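Please treat every number below as a calculation from the coordinates, not as lab data. Everything numeric in this text was worked out from a predicted model, so none of it was measured. Don't worry about glycine lacking a Cβ; one is built from the backbone with ideal geometry, like all the others, and counts go over all protein chains shown.
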Amino acid sequence: MTLANGTLRISNANLEAGLTTFVVVNKAKGHHALAISGPGLKNAQTPKIGPGGTASLTVRLKAGAYTLADPFGNGFFDVKYLDIAPAAVETARGNSSVVNTSTVPAAMCSTPEINP
């Protein structure tokens with residue numbers, strides 16, 4: 001995530017629920033910070049970040065909508081929104097037996113064979 005004069009840029013907005021660390025880089029001339037609000041978060045904010053400085057903020061995101069803002073830059077007038085998807089969970093039942101069938105996929109489209 002990058003903070004610059006009046007802008008807040010997110011490098012990856014495709015996040016899932018779970019423990020997430022935001023690394024914030026201040027590319028502006030003044031002091032900035034990152035504040036996140038949403039489900040289960042209270043007062044989640046980096047300390048003030050000086051020009052050229054970095055800070056990180058680790059939070060546990062739940063599924064839902066979050067607001068990201070710079071309280072020292074444009075305040076809560078310039079915000080970004082994240083919609084966090086539930087974490088993907090894979091479960092399986094059974095034993096350790098594996099069955100490998102040899103199948104040939106069906107043709108996706110039919111084209112006549114050309115014989116030279």
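Counting only lysines at least 8 places from Lys62 when in the same chain, those with an alpha carbon closer than 22 Å to its own are Lys42, Lys80. Each label was represented as a point 7 Å from its Cα along the Cα-to-Cβ direction; for Ala87 and Lys42 these points are 2.3 nm apart.
Relative protection proxy for 36-42, 20-26, from highest mean packing down: 20-26, 36-42 (other beta-carbon atoms within 10 angstrom).
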